[in-house]
1. How about segment 17-60: which of its residues are touching a residue at least 12 places away in the same chain (Cβ under 8 Å), among the hydroxyl-bearing types (Ser, Thr, Tyr) and surrounded by fewer than 16 Cβ atoms within 10 Å (Cβ to Cβ)?
2. Does any residue in segment 171-193 that is within 13 Å of LYS42 (Cβ to Cβ) and in a loop (DSSP other than H, G, I, E, B) come within less than 8 Å, Cβ to Cβ, of a residue that is open to solvent by less than 50 Å² (accessible area, probe 1.4 Å) and modelled with pLDDT of 90 or more six or more places away or on a different chain, and which pairs are these?
3. Of everything in segment 31-49 that's at pLDDT 90 or above and part of a loop (DSSP other than H, G, I, E, B), which residue is nearest to VAL76 (Cα to Cα)?
4. When residues of segment 71-89 are filtered for being among the charged types (D, E, K, R) and not in a helix (DSSP H, G or I), how many remain?
5. Picking from VAL99, VAL65, which residue would you name as being in contact (Cβ under 8 Å) with a residue 60 or more places away in the chain and over 22 Å from ARG168 (Cα atoms)?
6. Taking segment 90-129 as the search range and keeping residues that are closer than 15 Å to ALA161 by Cβ, at pLDDT below 85 and not in a strand (DSSP E or B), which one is most open to solvent (accessible area, probe 1.4 Å)?
7. Taking the criterion of being open to solvent by 50 Å² or more (accessible area, probe 1.4 Å), out of contact with any Ser or Thr (no Cβ under 9 Å at 6 or more places or on another chain) and without any contact (Cβ under 8 Å) to a residue 24 or more places away in the chain, would at least one residue in segment 68-85 satisfy it?
8. Of all the residues that make up segment 142-171, how many are open to solvent by 20 Å² or more (accessible area, probe 1.4 Å) and modelled with pLDDT of 85 or more?
Amino acid sequence: MPSDHFGVTGVRGVSTDEVLVRLGVTDQAPYPLCTSGEALRKFGWGEGTPAVRVCGGEWTFLFDVTAHGKLSNDAVLSHLSAGGEAVSVWSILDGTTRVAHAREGELLADIDAWAVHLTTGADPSRVNRALTEAGFFRDWEDEDGEDGEDGEDDWLVPSAAALIAMEREFGMAVSPVAANGTLPTVSLRHLLG
């Protein structure tokens with residue numbers, strides 16, 4: 001995924017097959033296998049937009065093909081989390097970074113780097129703590145370039161801090177080989193609204 005824009009959603013406690021059912025894409029089987037570049041050529045900004053590449057495991061990872069962020073929508077993320085949990089991190093260029101967490105069908109946290117005072121959800125404390133520890137809420141007014149107490153991660157932009165926070169807090173990790181490999185890819189055209 002390009003570092004300046006991406007969307008990644010992880011779903012745990014729900015099988016990959018059930019995630020695909022909840023996404024409403026089973027009619028597309030057999031799913032085309034695409035690398036990120038192939039998916040962009042096949043699904044990018046055309047009729048198939050938005051689309052995701054799917055990587056199963058302990059977490060089912062859904063990688064946005066064009067950083068559409070549709071899966072970070074509160075209702076969609078809550079639906080994906082029923083019977084488990086779902087976490088989404090979405091970042092678009094230098095625009096904003098959004099982090100959302102849902103468990104058992106309930107949205108617990110929805111946090112936007114640009115509007116942290118508008119944090120929503122039933123209990124954002126876990127995600128807020130993880131994001132704070134990773135430097136997500138950095139004081140951008142303080143640009144003196146000095147590290148904080150531990151010196152770790154202080155330089156991170158919100159998108160990188162959000163990814164680190166989710167990996168640390170939820171164990172949401174996928175190898176670069178798997179993420180960059182050939183994965184089943186599906187169109188989410190019904191989520192265009």
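1. Passing the criteria: only THR35.
2. Cβ pairs passing all conditions: THR182/CYS34; THR182/THR35.
3. So, considering only residues that are at pLDDT 90 or above and part of a loop (DSSP other than H, G, I, E, B), the one nearest to VAL76 (Cα to Cα) is TYR31.
4. Here is the first cut: in segment 71-89, the residues among the charged types (D, E, K, R) are 74, 85.
Subset that is not in a helix (DSSP H, G or I): 85.
Total satisfying the criteria: 1.
5. Details: VAL99 fails: over 22 Å from ARG168 (Cα atoms).
Among VAL99, VAL65, only VAL65 is in contact (Cβ under 8 Å) with a residue 60 or more places away in the chain and over 22 Å from ARG168 (Cα atoms).
6. Looking at the filtered set, the residue picked out is TRP114.
7. Yes; the residues of segment 68-85 include at least one that is open to solvent by 50 Å² or more (accessible area, probe 1.4 Å), out of contact with any Ser or Thr (no Cβ under 9 Å at 6 or more places or on another chain) and without any contact (Cβ under 8 Å) to a residue 24 or more places away in the chain.
8. 7
The values are calculated or read from the model by the stated rules, or taken from the named source; none is laboratory data. Not measured: the values here are computed from a predicted model. For neighbour counting, all protein chains shown are included, and Cβ atoms are generated from backbone atoms with ideal geometry for every residue, glycine included. Heads up: the accessible areas ignore ligands, DNA and RNA and are worked out on the full protein's heavy atoms, side chains in. Shrake-Rupley method; radii C 1.70, N 1.55, O 1.52, S 1.80 Å.
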